[in-house]
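I have placed the structure first, in the form of structure tokens, so that the comments after it can refer back to it.
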Amino acid sequence: MKVGVIGTGYVGLVLGACLAETGNHVICADIDGEKIDLLKQGLSPTYEPGLESLLKHNLAEGRLDFSTDVGHCIENSAVIFIAVGTPPAEDGSADLQYVYSVAETIGQHLSGDKIIITKSTVPIGTTLEVGEIIAEQTDQPFHLANNPEFLKEGTAVEDTMRPDRVIVGTDSDYARSVLEELFSPFLRTGKPILFMDIASSEVTKYTANTMLAVRISFMNQIAALCEATGADVEMVRKGIGSDPRIGSSFLFPGAGYGGSCFPKDVRALVRTGQEYDLDLSIARSAQEWNERQKSRVVEILSAELGDDLSGSRIAVWGLAFKADTDDLREAVSLTVVDELLDRGASVVVHDPQAMANARKVLPDSVEFASDEYTACEGADALLVLTEWLQYRHPDLEEVKNRLARPLIIDGRNLFKREKMKQLGFTYLSIGRPDVR
């Protein structure tokens with residue numbers, strides 16, 4: 001099948017590579033010439049495990065092309081995915097200017113009976129608006145669909161090749177039959193493809209991410225309760241997670257969530273509710289609590305060292321918003337580093353993948369360590385913000401020897417309290433009794 005993907009960001013690039021891997025001929029188009037030149041070499045502009053090998057393989061097989069000519073992509077594809085960014089506007093709503101611009105371009109180059117699919121996360125009604133914009137530019141027939149993505153950064157290739165489910169919103173029988181065939185290689189394990197109306201598919205995307213964000217923020221609220229009462233949130237998490245009606249996923253308390261999806265989608269859902277005179281208070285509360293939670297590790301640090309951190313050297317492990325990505329969007333680390341600097345601390349950081357991106361956005365005064373142990377050298381405290389595997393089982397004796405004082409504030413609850421006590425650390429975490 002001839003497939004076009006407009007937008008080579010995180011979602012579009014993974015989608016294009018995976019569709020090519022299943023035998024389709026895919027053209028990925030983007031107006032960013034530097035990015036396209038990089039992709040033509042099989043190099044990914046973002047870190048995602050397994051992605052570059054897919055790019056190189058399918059480029060070599062001739063199934064994957066990259067182009068800055070969006071019109072060429074449209075004219076030579078039977079199925080066209082819109083996968084451009086929808087960044088948050090100042091009021092929390094999704095900025096749809098790129099989606100609308102692509103829709104206009106599609107209308108100008110449309111020929112034949114094609115299927116146009118919004119892959120970008122878009123508010124309710126956007127897919128129909130895309131159809132209206134296209135129809136203003138052409139009298140050619142076309143079919144509309146919405147196919148929301150449910151990728152997790154760090155496992156995006158696996159999530160695409162072996163999804164839990166595929167959701168398609170469309171009112172077209174033709175689009176339904178074609179997309180069922182297109183996605184069938186990903187569903188051989190029996191996972192479902194769910195067809196529904198377009199509005200429901202758009203709502204489903206926002207609801208899924210908001211539900212997960214609510215679980216995280218709720219557990220962070222419970223962690224605060226545990227700190228106040230002397231309970232251990234890890235025990236609480238296991239106790240409630242063993243209930244099959246609740247399950248254990250997304251019940252881990254921590255320093256807060258970040259990334260390109262949860263913060264943006266929760267804000268957009270709250271904003272959509274306001275447009276319909278609905279106060280989606282649960283979603284709004286999750287959003288507000290998460291913003292407070294991002295400052296929690298600094299609050300814990302200040303309780304130990306004082307609000308004025310002048311003269312203190314603070315080490316930070318983890319800059320990416322989560323492990324297995326180099327993505328810093330809405331990362332907890334950005335808030336933490338800014339607050340540390342505001343309080344007068346000197347800051348040294350380490351991350352296995354996000355250092356290059358961090359150099360672009362963090363102040364020049366921040367020091368970048370070559371490895372996690374060097375970051376600890378002479379530091380008055382170590383803050384752990386990202387759950388990278390190499391941070392889960394470090395040489396803690398080496399860490400203690402490098403630190404000026406044996407103080408660790410663990411924003412991801414990676415270490416066992418008993419072991420930290422044996423090693424003589426002052427170990428402070430989220431929702432668990434302190435070790436001193």
For region 130-168, name all the residues that are in contact with a Pro (Cβ under 8 Å, 6 or more places away or on another chain) and not aliphatic (A, V, I, L, M). Phe150, Gly154, Thr155, Arg165
Over region 151-180, the set of residues touching a residue at least 12 places away in the same chain (Cβ under 8 Å), among the polar types (S, T, N, Q) and closer than 23 Å to Lys2 by Cβ is Thr160, Thr170, Ser172
With the first residue restricted to region 266-288 and required to be without any contact (Cβ under 8 Å) to a residue 40 or more places away in the chain, and the second required to be assigned to a loop (DSSP other than H, G, I, E, B), Cβ contacts under 6 Å at 6 or more apart or on different chains are Gly273/Leu280
Would you pick out the residues in region 278-311 that are more than 18 Å from Ile430 (Cβ to Cβ), crowded, with 23+ Cβ neighbours inside 10 Å and either out of contact with any Gly (no Cβ under 9 Å at 6 or more places or on another chain) or of a type outside the set (Gly, Ala, Ser) (or both)? Leu309
Qualifying residue in region 60-71 (condition: among the polar types (S, T, N, Q) and surrounded by 19 or more Cβ atoms within 10 Å (Cβ to Cβ)): no
I'm trying to understand the selection: among the residues of region 181-233, which are of a type in the set (Asp, Glu) and more than 26 Å from Cys261 (Cβ to Cβ)? Glu181, Glu227, Asp232
Residues being surrounded by fewer than 18 Cβ atoms within 10 Å (Cβ to Cβ) and either out of contact with any helix residue (DSSP H, G or I) (no Cβ under 8 Å at 6 or more places or on another chain) or not hydrophobic (A, V, I, L, M, F, W, C) (or both): count how many of those fall in region 132-153. 8
Just to be sure, is Ser184 assigned by TED's automatic domain parsing to the domain that holds Gly9 and surrounded by fewer than 18 Cβ atoms within 10 Å (Cβ to Cβ)? yes
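The values are calculated or read from the model by the stated rules, or taken from the named source; none is laboratory data. Just so you know, these numbers come straight off a predicted model, no measurement behind them. Every residue, glycine as well, gets a Cβ built from its backbone with ideal geometry; the counts of neighbours run over all protein chains shown.
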